[in-house]
């Protein structure tokens, strides 16, 4: 049951983040509540602590990037909801995969923004560019952003299907 709810939360959050660049409170807060209530009802105090610890760990992992302006509050609440539904160990694995996937997405976007993608896709062009050092500029005024809910969704799916590496 919990993983079905997690799947629905991830799907809705993925869609709303891609379309509107928002992860909705109406999705994340009920998911947190469901995790806390479900584990409390099935395991008592131990279940409440399991879910509560997952929620706090998920929230804490993205709090500093949020405070530094690197992501939105919805991303933080989504990882907290994942923690409430799955516990501490799973949310740590999810975070590891999320950071890895987020970094790869960010790298591709930076390469594209800097017009370096053509150098990566064509080895001959890369050698020419390195010899002449042209085309290596980036517009520093423009902020590079993307919906991080995409990385969180895929990171969580990797944790679910590939297991832990932490």
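No lab work stands behind these numbers, since they all come straight from the coordinates. No experiment lies behind these values; they were computed from the predicted model shown. Cβ placement follows ideal geometry from the backbone for every residue including glycine, while neighbour counts extend to all protein chains displayed.
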Report task. Can you tell me the order of 1-11, 75-85 when each peptide is scored by its average per-residue count of other Cβ atoms within 10 angstrom, highest first? Result -> 75-85, 1-11
Query - Ranked packing of 147-156, 32-41, most packed first, by mean Cβ within 10 Å - result: 147-156, 32-41
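Suppose the chain between residue 41 and residue 104 were pulled fully straight at 0.36 nm per residue; how much longer would it get relative to their current alpha carbon spacing?
Stretched fully, the residue 41-residue 104 segment lengthens by 18.7 nm.
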Requested in this report: Between residue 49 and residue 5, take the C-beta separation as r, use R0 = 30 Å, and let me know the FRET efficiency to the nearest 0.05.
Outcome: 0.90
Query - Calculated log₁₀ intensity ratio I(q)/I(0) where the Debye formula runs over C-alpha points of segment 71-117, q = 0.25, 0.32, 0.33 Å⁻¹ - result: -0.87, -1.07, -1.09
Report summary line: Expressed in angstrom and rounded, the centroid-to-centroid distance over alpha carbons for segment 5-34 and segment 42-120 is 14
